[in-house]
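Here's the structure we're looking at; comments come further down.
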Amino acid sequence: MTKRSYPFGYCCVKGEIMINEKEGEVVKRIFEEYAGGRSLKEIADSLNEQGIAFKTAVSPWHKSRVHHLLTDGRYIGEKNYPPLIEWELFERSARLRENKYGETEPVSEEIKFLQKRVVCDACGSRYVRKLGKKGDRYWVCGAHCSGSVLTESCLLSAIETIIEKAVKKRELLYGKMPKTGYHVTAEIVRMTNQWNALNGKCGFAAGKTMLLALASKKFSACREDKSIYTDAVDDALIDKMQGGMTDEQLFHQVIRKVIVAKEGGLSLEFANGAIVSLREE
Ligand SMILES: [Zn+2]
């Protein structure tokens, strides 16, 4: 038995990779059937029933062989292979796989948490978790802006590193808070101008009413001052450092946002509003 050195559907003629017409038809059929809703096993079974050989007659088709074929980018022209499959069909089957695996593969609590908390710094959208061609997971901006793409292992290790950094250097938790105060709305500007224009030339009651209305607008536009949570975050980090808490518990207690910057830089926003980045000291 000779070892097949080219993916099913290709052959080599005088050193050049060519499409093997007969096998190429089988590859197309597999993609079409999968996109049409047949399962990996159904496809493998029907190929075996019809006596379509994989390598040799003794090597039957099976589920993982079909799966492997559906994920091979060379069929859409990667690595300079002549394309056999339309990119659209390839993607359609990748999305189907993603849905199928998405349902069956259990997602850890840590990942579920991150699915709500990872955001794109460039556009503010949430990051979404995707399934790569080789079954790997990666994260991209849900709005498909120019935000960076991160592998899951990279994302997790970056978060870990930032937490370690904050544990070792807790003063980071006291710096870089977003400014408190209120968001200046158009209405607040208008009311303030109105008040200033009056320049005290109105009755006491009318003036009081106006000022109260303005104060109330400002109050409702206030940002929450989260610095009161600093001690709680600090305690949680000490607890974590002493081994009294898992990463997952720590995540839930102290992390509010994971912010992915355009150049792949990562920052964590803690429950007290402090933002700690991967890169800066
Ligand atoms: Zn984005």
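For the subset of segment 254-281 comprising residues that are of a type in the set (Asp, Glu) and part of a loop (DSSP other than H, G, I, E, B), which member is farthest from CYS123 (Cα to Cα)? Only one residue fits best here, namely GLU281. Screening THR192, THR185, THR151 for residues that are under 30 Å from ARG92 (Cα atoms) and surrounded by 12 or more Cβ atoms within 10 Å (Cβ to Cβ) leaves exactly one candidate, THR151. For segment 63-78, the criterion of being crowded, with 16+ Cβ neighbours inside 10 Å, assigned to a loop (DSSP other than H, G, I, E, B) and aliphatic (A, V, I, L, M) is met by none of the residues.
Condition check ((1) in the same structural domain as LYS240 (by TED's automatic domain parsing); (2) at pLDDT below 80; (3) touching a Pro at 6+ places or on another chain (Cβ under 7 Å)) across all residues:
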position: VAL167; (1), (2), (3): yes, no, no
position: LEU172; (1), (2), (3): yes, no, no
position: ARG190; (1), (2), (3): no, no, no
position: GLN194; (1), (2), (3): no, no, no
position: GLY200; (1), (2), (3): no, yes, no
position: GLY203; (1), (2), (3): no, yes, no
position: MET210; (1), (2), (3): no, no, no
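Within segment 29-62, the set of residues being buried (at least 19 other Cβ atoms within 10 Å of the Cβ) and closer than 15 Å to PRO7 by Cα comprises ILE30, PHE31, PHE54, TRP61.
Are any residues in segment 1-41 under 18 Å from HIS68 (Cβ atoms), assigned to a helix (DSSP H, G or I) and more than 32 Å from the chain's Cα centre (by Cα), and if so, which ones?
GLU23, GLY24, VAL26, ARG29 - these are the residues of segment 1-41 that are under 18 Å from HIS68 (Cβ atoms), assigned to a helix (DSSP H, G or I) and more than 32 Å from the chain's Cα centre (by Cα).
Criterion applied to SER227, SER267 was being modelled with pLDDT under 80 and either more than 28 Å from SER108 (Cα to Cα) or under 31 Å from the mean Cα position of the chain (by Cα) (or both), and the one residue passing it is SER227. Which one of PHE219, PHE251 is surrounded by fewer than 12 Cβ atoms within 10 Å (Cβ to Cβ) and either outside any strand (DSSP E or B) or assigned by TED's automatic domain parsing to the domain that holds HIS144 (or both)? Unique residue meeting the criteria: PHE219. If you go through segment 52-67 and pick out every residue that is at pLDDT 85 or above and either more than 15 Å from GLY24 (Cα to Cα) or in the same structural domain as GLY135 (by TED's automatic domain parsing) (or both), you end up with 5. Among the residues making up segment 88-126, those that are at pLDDT below 85, more than 15 Å from GLU152 (Cβ to Cβ) and among the polar types (S, T, N, Q) are ASN99, THR104.
Within segment 129-166, the set of residues being in contact with a Phe, Trp or Tyr (Cβ under 7 Å, 6 or more places away or on another chain), within 16 Å of the ligand (Cβ to nearest atom) and without any contact (Cβ under 8 Å) to a residue 60 or more places away in the chain comprises ARG129, LYS130, VAL140, GLY142, VAL149.
Within segment 114-128, being touching a residue at least 12 places away in the same chain (Cβ under 8 Å) and either within 18 Å of ILE275 (Cβ to Cβ) or within 15 Å of the ligand (Cβ to nearest atom) (or both) holds for LEU114, ARG117, VAL118, VAL119, CYS120, ASP121, ALA122, CYS123, SER125, ARG126, TYR127, VAL128.
Is it the case that MET177 is surrounded by 13 or more Cβ atoms within 10 Å (Cβ to Cβ) and at pLDDT 80 or above? It is false that MET177 is surrounded by 13 or more Cβ atoms within 10 Å (Cβ to Cβ) and at pLDDT 80 or above.
The values are calculated or read from the model by the stated rules, or taken from the named source; none is laboratory data. Please read all numbers here as calculations on a predicted model, not as lab measurements. As a convention, Cβ positions derive from the backbone with ideal geometry for all residues, glycine included, and neighbour counts pool all protein chains shown.
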